[in-house]
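The values are calculated or read from the model by the stated rules, or taken from the named source; none is laboratory data. Given the structure is predicted, the values throughout are model-derived calculations rather than measurements. Here the Cβ positions follow ideal geometry from the backbone for every residue, glycine too, while neighbour counts run over all protein chains shown.
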Amino acid sequence: MDISRDETSFDEDLNAHGETATDKDGVDTGVEPVTQAVSRVFPCQQCGADVVFDIGAQKLKCPFCSYEQDLSAPTGELEERDYHDMLETLSQRVQPNNLMGTLSELTCSSCGGTVVFEGANTSTRCPFCDTPTQRDDVHDCPQRINADGVMPFQVDRKVVRERLSTWVRSLWFAPNDFKKRGVEGDFDGIYLPFWTFDSLTSNAYVGQRGETYTVTVGSGDKKRTETRVRWYPASGQFQRFFDDVLILAGMGFPATLVNQLAPWPLAKLRSFTEEVLAGFLASTYTVELDQGFSMARNVMAGEIESEVRQRIGGDRQQIHDIKTAHHAIKFKHILLPVWSMTYRYKGKVYTLVVNGATGKVAGNRPYSAWKIAFAVILGAIAAGIAVALFNR
């Protein structure tokens with residue numbers, strides 16, 4: 001997306017991102033400055049009010065006159081960018097301060113109130129008039145990597161509530177009153193930043209294949225069967241291509257839960273447009289590109305190790321060494337939709353996330369101590385009965 005900005009405003013933004021606040025004597029206070037962000041709204045072509053993205057219609061829709069507008073960005077496969085070329089480009093740019101801990105302010109176009117963006121947040125609502133408001137000093141900032149694609153929300157709040165009810169009913173060892181009452185609270189729709197990485201890997205491994213066999217040892221009452229292993233050397237080479245290894249690029253989010261929302265229907269990605277962010281929260285990346293690939297490389301290493309074990313074969317495997325080289329590394333920066341909620345149960349706070357494209361639910365939940373204890377007791381009784389029957 002290309003939005004023209006004059007040199008003066010750009011220099012001011014760059015200075016704001018590149019310096020920390022000082023006191024009246026010019027001493028660095030160590031506090032990130034509050035910058036003046038640039039506002040972005042989308043007016044209705046019929047009445048001029050601010051439109052929002054409508055999940056059901058998959059269009060921009062005016063909440064006042066119900067006029068619908070098509071999105072400008074098409075769906076379809078996005079072009080990956082070269083990883084090493086981007087690292088070289090970034091090394092030649094002036095890097096801004098980390099967004100975490102910074103504040104940006106803008107003036108609401110509807111009521112004139114001040115909207116504060118903290119850290120990596122890029123899309124929110126005015127706290128005074130509820131107008132959807134976005135800042136574009138992040139998406140258009142030349143020191144950062146622009147988003148390549150975005151997946152619009154596909155499931156609305158009604159469907160999310162239905163999926164949540166099903167999820168609660170399916171929970172084992174949940175307290176009875178929790179399952180009966182369900183979860184109470186409001187969901188926030190937020191677009192989270194991700195990296196995707198492609199890489200062709202060349203792999204060489206050295207290890208051993210183990211084949212088990214049994215022998216009888218001892219005599220009389222001490223006679224017993226032992227399992228032993230014959231080991232044979234194993235080595236080989238192979239190539240494996242990884243496509244769209246997905247890495248959450250925002251810190252401060254429940255990564256363990258968000259990762260459980262996979263798989264994502266990446267075919268529904270469309271070229272990035274801020275239009276689909278209208279009416280939702282959004283965040284830009286705080287995990288840098290090289291950090292993201294380091295995380296993706298660990299994911300690939302785990303899958304490569306699994307394949308090495310399959311190639312070694314046998315009953316057991318020992319891996320002495322795996323050497324991996326990465327070639328033709330490509331990446332995309334994308335935003336994916338997540339419904340998020342925090343709720344309380346008996347004084348404790350729990351987090352829920354829902355895949356905004358598929359409705360898959362992941363979350364923290366309470367457990368019933370007495371149900372778990374009862375299950376353990378039943379398990380012990382069953383085990384005791386089985387042992388008694390076996391010894392007859």
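Here are some notes:
- Residue within the stretch 193-216 that is touching a residue at least 60 places away in the same chain (Cβ under 8 Å), more than 30 Å from residue 277 (Cα to Cα), among the polar types (S, T, N, Q) and assigned to a helix (DSSP H, G or I) present: no
- Close pairs (6 angstrom Cβ cut-off, 6 or more residues apart or separate chains): closer than 27 Å to residue 330 by Cα in the stretch 296-317, of a type in the set (Val, Ile, Thr) and surrounded by 18 or more Cβ atoms within 10 Å (Cβ to Cβ) anywhere: 296/245; 296/247; 299/245
- Cβ-Cβ distances below 6 Å connect the following pairs, each with a first residue in the stretch 237-252 that is among the small types (Gly, Ala, Ser), a second residue that is outside any strand (DSSP E or B) and modelled with pLDDT of 95 or more, and a separation of six or more residues or different chains: 249/292.
- Count of residues meeting criterion [over 27 Å from residue 324 (Cα atoms) and either in contact (Cβ under 8 Å) with a residue 24 or more places away in the chain or among the hydroxyl-bearing types (Ser, Thr, Tyr) (or both)] in the stretch 217-236: 4
- Filter pass, residue 368 being more than 28 Å from residue 151 (Cα to Cα) and touching a Pro at 6+ places or on another chain (Cβ under 8 Å): yes
- Any chance residue 80 is modelled with pLDDT of 90 or more, closer than 25 Å to residue 248 by Cα, crowded, with 16+ Cβ neighbours inside 10 Å and out of contact with any His (no Cβ under 8 Å at 6 or more places or on another chain): yes
- Contact map, the stretch 147-165: first residue over 20 Å from residue 365 (Cβ atoms) and touching a residue at least 24 places away in the same chain (Cβ under 8 Å), second residue among the β-branched types (Val, Ile, Thr) and part of a helix (DSSP H, G or I), Cβ cut-off under 9 Å, separation 6 or more or different chains; pairs are 150/276; 151/276; 152/276; 153/276.
- Filtered residues of the stretch 245-261 (kept if surrounded by fewer than 19 Cβ atoms within 10 Å (Cβ to Cβ) and not in a helix (DSSP H, G or I)): 251, 252, 254, 260
- Verdict on residue 189 being in contact (Cβ under 8 Å) with a residue 60 or more places away in the chain, in a loop (DSSP other than H, G, I, E, B) and under 23 Å from the mean Cα position of the chain (by Cα): no
- Residue that is touching a residue at least 60 places away in the same chain (Cβ under 8 Å) and surrounded by 10 or more Cβ atoms within 10 Å (Cβ to Cβ), where the choices are 369, 375: 375
- Pair list, Cβ < 6 Å and 6+ apart or interchain, from the stretch 253-269 residues that are touching a residue at least 24 places away in the same chain (Cβ under 8 Å) to residues that are polar (S, T, N, Q) and surrounded by 14 or more Cβ atoms within 10 Å (Cβ to Cβ): 254/351; 261/355
- Filter result for the condition that a residue is of a type outside the set (S, T, N, Q), crowded, with 16+ Cβ neighbours inside 10 Å and out of contact with any Gly (no Cβ under 8 Å at 6 or more places or on another chain), over 292, 313: 292
Residues checked against (1) under 23 Å from residue 272 (Cα atoms); (2) in a strand (DSSP E or B); (3) modelled with pLDDT under 85:
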site	(1), (2), (3)
57	yes, no, no
65	no, no, no
84	yes, no, no
87	yes, no, no
99	yes, no, yes
106	yes, yes, yes
110	no, no, yes
